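The structure appears below as structure tokens.
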Amino acid sequence: MMNNKGKKFLMISAVFAAGIAAGYGAMGLLDKKNTASDTGKPVTILCWNEDNSRPMADFFCRETGTDPSQIVIKSFNTGGYQAAEYYRDYLNNDPANEADIIFLEPDWGYEFLNDDSVTVPLRELGYDDSDFSDLYSYTVDTGRSTATGELKAVSWQACPGTFCYREDLAKKYLGVRSPSEMGEKVKNWDSFLKTAEELKASGGPALSATLQGVWHAYSAGRTLPWMLGEEFTGDDFILEYAGFAKKLYDNEYITHDHQWTDTWFGLADTDEVMGFFLSSWGIDMILSDYGTNGKWKCVAGPSDYYWGGTWLAVAGRCDNRAKAKEFIDFFTADIKAIETYSLENDEFMSNKKAMQNIIVSGKHKGAEVLGGQEQYEVFDKVSSAIYVDGIITPYDAVIYNAVDSDVEAYADGFYESPEEMLDFMKDEISYDIETEIFT
């Protein structure tokens, strides 16, 4: 396994720039829905690196008895954000280049999900929506084409976002003695602001680490897509956020540091900040290397959000759809396989039924960095509440990043008013759309 420092290096690089054989229980789904025969050809997984694909392939082969030569990994050994360019070149340069299952991230993946020549609707493999009814809904809805609404991909993992806080500092400055008490302190944005004020008034540190972290959670509060046809819908939401962000910034309720910098990581080893907005994968990665290891707890926070995750799509050129489907079934429908993989790899999976089974059984060991807290309970609560149906557009990542950078510039005094900032931001977004950088 890669150590945390190695993972951090890869994550920084990525930012810058989800049975089927004897002993497992989903065989009936494959028998019922299979629309293609197993051709015997290897299944090639297209991915940017092997962090996820290699453990999954090894586990699949071990548990199903599949010959390892039947799962081929085509990795470009790069960060996720660089994958689109590599995929584009690989798929366009030679139609004989093998690709059966394609690993995608939502930030850049709709280019491929919206192109039926690159990825096929999962119904062509015999799926319908009911086959994924046990999954957290956002892990399904995020995999729909924004052009047609067709389900084109599904995730085997869930990456719910939490608010992680220092238990000792919360007790010292807020009198908080349990995660449930802290949850009340940050249950919505009004409570979050009130708690930040209380913390400062008592001589405590900033409540949260960065404005970028706040935006991860705050942005999930949208109820409309950023674009309805050609109309931008975000004016009121952005102006409201800008006012909130400036208040946090000016009063030092958050630090003025930036994500993925050394100082951001280092904050976890100081008493200068009480909390971080972090996704399921980030808790151990960001917090565990320091002397504060074991002093943290996590709660749901003001918004139910997710951060990260990888989706499985099936390539239009796939020449063994039965085997590709078997792989997807194994990691999204086979309860026993999913539970085993989750426990062995400490990975929170997209199948709600399997995760709730683990929680009830008490088999999962709580995170050391969280002082043994069973974080799966928080992850389940958040993942169950995330709602994205009907609000995703192919422009989301670019708009998200524009709001993130321009609101921070406003908070830092670059713009004279939030309205000036919004006008500039909308011009940027319009230019990006008009120049078709998304296609």
Hits in the stretch 45-54 (condition: open to solvent by less than 60 Å² (accessible area, probe 1.4 Å) and either in contact with a helix residue (DSSP H, G or I) (Cβ under 6 Å, 6 or more places away or on another chain) or more than 15 Å from Phe330 (Cβ to Cβ) (or both)): Ile45, Leu46, Cys47, Trp48, Asn49
Are any of the residues in the stretch 365-382 among the charged types (D, E, K, R), in a loop (DSSP other than H, G, I, E, B), open to solvent by 30 Å² or more (accessible area, probe 1.4 Å) and closer than 22 Å to Arg144 by Cβ? no
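Which one of these is touching a Lys or Arg at 6+ places or on another chain (Cβ under 8 Å) and more than 21 Å from Lys247 (Cα to Cα): Ile429, Ile399, Ile392? Reasoning before the result, please.
Details: Ile429 fails: touching a Lys or Arg at 6+ places or on another chain (Cβ under 8 Å); Ile399 fails: touching a Lys or Arg at 6+ places or on another chain (Cβ under 8 Å).
Residue meeting the stated conditions: Ile392.
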Just one listed residue, out of Gly243, Gly301, Gly291, Gly308, is assigned to a loop (DSSP other than H, G, I, E, B) and surrounded by fewer than 18 Cβ atoms within 10 Å (Cβ to Cβ), and it is Gly291
Cβ pairs under 8 Å, 6+ apart or interchain, first in the stretch 412-437 and of a type in the set (Phe, Trp, Tyr), second not in a helix (DSSP H, G or I), ordered by first then second residue, are Phe424/Tyr415
Inspect the stretch 219-236 for any residue being of a type outside the set (A, V, I, L, M), under 26 Å from Tyr173 (Cα atoms) and in contact with a helix residue (DSSP H, G or I) (Cβ under 7 Å, 6 or more places away or on another chain) and give the result as yes or no. no
In the stretch 199-208, what residues are farther than 28 Å from Trp281 by Cβ and in a helix (DSSP H, G or I)? Lys200, Ala201
Condition test on Ile391, is it of a type in the set (A, V, I, L, M, F, W, C), open to solvent by less than 60 Å² (accessible area, probe 1.4 Å) and touching a strand residue (DSSP E or B) at 6+ places or on another chain (Cβ under 8 Å)? no
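Got at least one residue in the stretch 247-260 being in contact with a Pro (Cβ under 7 Å, 6 or more places away or on another chain), open to solvent by less than 40 Å² (accessible area, probe 1.4 Å) and in a helix (DSSP H, G or I)? Even if it seems obvious, please write down each step before you answer.
Going residue by residue through the stretch 247-260, those that are in contact with a Pro (Cβ under 7 Å, 6 or more places away or on another chain) are none.
Among the residues of the stretch 247-260, not one is in contact with a Pro (Cβ under 7 Å, 6 or more places away or on another chain), open to solvent by less than 40 Å² (accessible area, probe 1.4 Å) and in a helix (DSSP H, G or I), which makes the answer no.
Can Ile335 be described as closer than 20 Å to Tyr376 by Cβ and either out of contact with any Ser or Thr (no Cβ under 6 Å at 6 or more places or on another chain) or open to solvent by less than 10 Å² (accessible area, probe 1.4 Å) (or both)?
Numbers: closer than 20 Å to Tyr376 by Cβ: yes; either out of contact with any Ser or Thr (no Cβ under 6 Å at 6 or more places or on another chain) or open to solvent by less than 10 Å² (accessible area, probe 1.4 Å) (or both): yes.
Here the answer is yes, as Ile335 does meet what is asked.
The values are calculated or read from the model by the stated rules, or taken from the named source; none is laboratory data. The shown structure was predicted, so the numbers you read here are calculated from the model rather than taken from an experiment. Cβ atoms come from the backbone with ideal geometry, glycine included; neighbour counts cover every protein chain shown. Keep in mind that these areas ignore ligands, DNA and RNA; they rest on the heavy atoms of the full protein, side chains included. Shrake-Rupley method; radii C 1.70, N 1.55, O 1.52, S 1.80 Å.
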